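First comes the structure, then the notes that go with it.
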Amino acid sequence: MTDTTKVSEATEPPLTGTAHSDAKEAGIARRRRLTVIVVTIGFILIAALILLMVTRPPVEDARPTSLGFSFNSFMRWLGDLNPLLQIPIVLVAFFAVVGIILLLIEYAPRPGKFYFWLRLVTCFAIPVVAFMLLRPYQNAVIYVIGIAVLLGALLFWADYRAREGAGHLYQLILFATPALTLLVVGLLYPAVATFVQSFFDKTGAEFVGMENYIWVFTNPQGFWSVINSIIWVIVAPTFATIIGLAYAVFIDRARGEKVLKVLIFMPFAISFVGAGIIWGFMYDYQQGNQLGLLNAIVTAFGFEPVAWLSITPLVNTLLLLVVFIWSQTGLAMVILSAAVKAVPTEQIEAAALDGASAWQRFRNVTVPGIRSSIVVVVTTIAIGALKIYDIVAVMTGGRNDSTVLAFEMVNQQQRFQSYGHSAALAVVLFIFVVPLIVFNVIQIRKQREIR
């Protein structure tokens, strides 16, 4: 080594621990950016292949192409067997799939050349087999294989470059895949298909744009379903929560509290169909002797019987709301009663010592203490009110402008075979539900931050 080299080495300061750490973090950040870029490009290509696949021109008399065995053929074969054999075969198939997944989750993340090739093969093989089991048609095989191969490549690339080490991301994705598959098949795909269907006519063959949504807000059936749903979502949670809170406060620590709570909660255990039948007798209208309690009281005072469920506008809707509120008050009471008991007695006693009245203690101490529970009750009952179907179907059948979105959605599909109108009603119902869910999530996050 020359003298010059020795001098330069002596004069250059060594990298400190902080500089080394910064360089390492910069390298990790570059690796992460590259991984994100590659994964993003890959998903763009996958989306493009899916778009090309669903928009390709149809091929008449195209033969299904599979691996010689498909999920559809398995279900057909299973349906031809004796019912006593179907259950054990389904259980064996289920546990076989679960066993393979658990073995891969256990062994694949291990270091070594064998496990490296195991991850590489399964990253490509599992998507290809899964897609081909769905039996794609002849002119879609290349798209399906392309999508599957891209998914496998992205999974292996992201897993190989994971910060936690190769096998970590593979394990997480494999563990979550069954649940994600069920969500996609049972939730995401139907939601997207419904949204697309809402822009087509009743047969689903002709694109009609916003015509179905215009029908929802202009046709009497669609219009009243929207108006009544808004009334339900405002009135039902308000009154059910107020009455349930009143029950919770007045029954709290009262004599016979358990028995009273059971009696109040009992209507919640009754199905909406049963509740509709019970209250149908209450509102019953006929000439001659009255079976309905309300008309029995009316005729006892010398008045003519009233067809309660035919009174428009809105009266029949409010009478249906009574049934729903009656059934949901027990739920509100149970949740709010537990919240009231959780309010610290020291705060209530301190407010009493300060001279606060019972109403002031309730308004300024109890209600703020149970605010999160009130939000949960209100949003839960509001979502239930938006989805109500049974009470309307049993008591009025949607007649006399008493229909709601959920009932009219089913009615348009089953009775009139109008899938476009039904899909538009479903989308409107979804738009109404989303703000309630978002509000509930925001409130829960705020409560966690406070805690």
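The values are calculated or read from the model by the stated rules, or taken from the named source; none is laboratory data. Quantities reported herein were computed from a predicted structural model and do not represent experimental measurements. Don't worry about glycine lacking a Cβ; one is built from the backbone with ideal geometry, like all the others, and counts go over all protein chains shown. Accessible surface is based on the protein model in full, side chains and every heavy atom, while ligands, DNA and RNA are left aside. Shrake-Rupley method; radii C 1.70, N 1.55, O 1.52, S 1.80 Å.
Structure notes:
- Per-residue [θ]222 nm for the chain (sum of -39500 (n - 2.57) over DSSP H runs n ≥ 4, rounded to 500): -24000 deg cm²/dmol
- Note on Arg448 and Leu51: the model spin-label points, each 7 Å out from Cα along the C-beta direction, lie 3.5 nm apart.
- Folded to 0 to 90 degrees: helix 113-132 orientation relative to the chain principal axis, Cα: 50
- Here each label is just a point 7 Å from Cα along the line to Cβ, and for Phe430 and Ala130 those points are 2.2 nm apart.
- Amide H contacts of Phe200: Val208, each under 5 Å away and 5 or more positions distant or on a separate chain (H built 1.01 Å from N in the peptide plane; Pro and chain starts excluded).
- Tyr285/Phe250 FRET efficiency (R0 30 Å; Cβ-Cβ; nearest 0.05): 0.30
- Helix 371-386 axis, angle to the chain major axis (alpha carbon atoms, nearest 10°): 80
- Option label - mean projected area of the Cα convex hull in nm² computed here, alternatives (1) 19.5; (2) 23.0; (3) 41.0: (3)
- Cut-off of 10 Å, at most 14 other beta carbons, DSSP loop: longest stretch of the chain lacking such GluC sites (Glu not before Pro): 207-451
- Neighbour-limited loop hits for chymotrypsin sites (Phe, Trp or Tyr not before Pro), region 344-451 (at most 11 other Cβ within 10 Å; DSSP other than H, G, I, E, B): none
- Loop-located trypsin sites (Lys or Arg not before Pro) in region 223-270 (DSSP state other than H, G, I, E, B) with a sparse environment of at most 11 neighbouring Cβ atoms within 10 Å: Arg253, Arg255.
- Rounded to the nearest 0.05, the FRET efficiency derived from the C-beta distance between Leu263 and Thr312 at R0 = 25 Å is 0.15.
- Placing +1 on the Cβ of every Lys and Arg and -1 on the Cβ of every Asp and Glu, with nothing else charged, gives the chain a dipole about its Cα centre of roughly 860 debye.
- Each peptide in 277-283, 298-304 was scored by the mean count of other Cβ atoms within 10 Å over its residues; highest first, the order is 277-283, 298-304.
- Distance violations [Cα-Cα > 25 Å] among Lys258/Lys341; Lys261/Lys446; Lys341/Lys446; Lys261/Lys341: Lys261/Lys446
- Computed magnitude of the charge dipole of region 298-451 (debye, nearest 20; Cβ of K, R +1, Cβ of D, E -1): 440
- Extension gain, Thr181 to Met75, is 36.3 nm, computed as 0.36 nm per intervening residue step minus the present C-alpha separation.
- Inter-probe distance in nm under a simple model that places probes 7 Å from Cα toward Cβ, at Leu188 and Ile277: 4.2
- Listed residue (Leu155, Ala140, Val129) projecting farthest to the positive dipole end of region 66-176, Cβ model: Leu155
- For the chain, accessible area per residue (1.4 Å probe, heavy atoms of protein chains only), Å²: 62
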